[in-house]
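J.: Structure incoming, see below.
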Amino acid sequence: MSRNGWQKTTRMTKQKKVILDILRSTKVHPSADWIYEQARRILPDISLGTVYRNLRLLREKGEILELSYSRDFSRYDGNPQNHYHFMCRKCGRVMDVDLPLMNELEEKVARLIGGKVETHRLEFYGLCQDCCQE
Ligand code: ZN
Ligand code: MN
């Protein structure tokens, strides 16, 4: 591998690690913009495009979850295991919902469609505690 290629790979790895560390150290299920602002404090030269590229790579490797809420809006999660979320429609907060995984639902759906279920996603929407009190 050329010297430049090696440097590029090393930098990529460092960027990826910084992004992964940021995601694993928060419970807020941040957007790419938020991750970008945090990453810039550690790597001032990082670009938003690089953040998106690394988020995609981490998702493809199964190290993070991407929670897509529309075609061009996602939140990210450092916990790659399937689990459930609640999103507040007022403040946009995304929280973990501590429910056991409903694997029996996958079996039921597989029987209903006569096929194979590989995963499922369950989202709850409403008002969070803070927004309820306002
Ligand atoms: Zn709220
Ligand atoms: Mn989560």
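J.: Residues that are away from ligand 1 (no atom under 14 Å from the Cβ), closer than 17 Å to residue 29 by Cα and not assigned by TED's automatic domain parsing to the domain that holds residue 59, at least 2 per element: which strands (runs of 3 or more DSSP E) completely within the range 75-134 meet that?
T.: 94-97
J.: Which of the residues belonging to the range 60-74 are assigned to a loop (DSSP other than H, G, I, E, B) and over 12 Å from the mean Cα position of the chain (by Cα)?
T.: Selection gives 61, 71, 72.
J.: Looking at this structure, is residue 43 over 17 Å from the mean Cα position of the chain (by Cα) and in the same structural domain as residue 123 (by TED's automatic domain parsing)?
T.: no
J.: Since residue 48 meets every condition but one in (1) within 16 Å of ligand 2 (Cβ to nearest atom); (2) free of Cβ contacts under 8 Å to residues at least 40 places away in the same chain, which condition does it not meet?
T.: Unmet condition: (1).
J.: Going residue by residue through the range 85-105, is there one that turns out to be in contact with a Pro (Cβ under 8 Å, 6 or more places away or on another chain) and either surrounded by 11 or more Cβ atoms within 10 Å (Cβ to Cβ) or modelled with pLDDT of 95 or more (or both)?
T.: No, the range 85-105 has no match at all.
For every residue, the table says whether it meets (1) without any contact (Cβ under 8 Å) to a residue 24 or more places away in the chain; (2) surrounded by 15 or more Cβ atoms within 10 Å (Cβ to Cβ); (3) in a helix (DSSP H, G or I).
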site	(1), (2), (3)
30	no, yes, no
39	no, yes, yes
44	yes, no, no
58	no, yes, yes
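The values are calculated or read from the model by the stated rules, or taken from the named source; none is laboratory data. What you see is a predicted model; the values in this text were computed from it and never measured. Cβ coordinates were reconstructed from backbone atoms using ideal geometry, including for glycine residues, and neighbour counts include every protein chain displayed.
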